[in-house]
1. Highest mean first, what order results for 16-23, 205-212 on Cβ atoms within 10 Å?
2. Using alpha carbons only, how many degrees (0 to 90, rounded to 10) separate the axis of helix 11-21 from the longest principal axis of the chain?
3. Tell me what the chain gives for mean residue ellipticity at 222 nm when only DSSP H runs of n ≥ 4 count, each as -39,500 (n - 2.57), the sum divided by the residue total, rounded to 500 deg cm²/dmol.
4. Given that compact globular proteins tend to follow 2.2 N^0.38 Å, what is the ratio of the alpha-carbon Rg of the range 1-128 to that value?
5. I need 163, 9 ordered by Cβ neighbour count within 10 Å, fewest first.
6. If r is the Cβ-Cβ distance from residue 43 to residue 187 and R0 is 35 Å, what FRET efficiency results, to the nearest 0.05?
7. Tell me the angle of helix 204-213 to the major Cα principal axis of the chain, expressed in degrees between 0 and 90 and rounded to the nearest ten.
8. Scattering from the C-alpha atoms of the range 24-69 alone, worked out with Debye: what is log10 I(q)/I(0) at q = 0.13, 0.15, 0.19 1/Å?
């Protein structure tokens, strides 16, 4: 049983999320209304995953995430769930150490699936969050060109693995990639895992960065 902590200052949002997550037999749910209590729960090892809002009184979700990542023995996973999906918000959350970033418009079943994926060690990004990360990497101010070393790594990938990496960089979920490529979600996950193993990567955020920096995709 995985312990989920909802962190949101709006009672109606907490109630709605509790109702959604409470339907999953493998999840137990508690809630707090501020980032300070989220940090305390993480420090006490009371939760496995925090569903973190961004804009709250006191400290923001990004700051709470940052403080949790500074705790010496906290191994909690953090999924940011917010109505604010602007580039700066996304990048602040990821830089603070979030394991995922989703908009509050996410469907209930998808939210539960993404939570389970993050608990399994994956990184989950909404399409908007993935695009924000690509725009950041592709920003002219960063003066990035295709890295020859990374470009050579592309040759390690099979054509299907390349297609999946490109789709991930476009912000597509596994089910969306499966539909576009006419393969099963299991096959998508297999290709993605093999690609990440070959590239020495552990999450989707690294795959997005690699896809642009290697020249495999462009903005």
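1. Numbers: 16-23: 15.6, 205-212: 21.2.
Answer by packing, highest mean first, reads 205-212, 16-23.
2. 60
3. Values: 11 runs with 114 residues, N = 219.
My calculation for the chain gives -15500 deg cm²/dmol from helical runs alone.
4. On the way: Rg = 12.9 Å, N = 128, 2.2 N^0.38 = 13.9 Å.
That works out to 0.93 for the range 1-128.
5. Numbers: 163 18, 9 15.
Sorted ascending by nearby Cβ count, the order is 9, 163.
6. On the way: r = 41 Å, r/R0 = 1.16.
That pair, residue 43 with residue 187, gives E of 0.30.
7. 30
8. Reported log10 I(q)/I(0), two decimals: -0.27, -0.36, -0.55.
No lab work stands behind these numbers, since they all come straight from the coordinates. From a predicted model like this one, the values you see are computed outputs, not experimental measurements. Don't worry about glycine lacking a Cβ; one is built from the backbone with ideal geometry, like all the others, and counts go over all protein chains shown.
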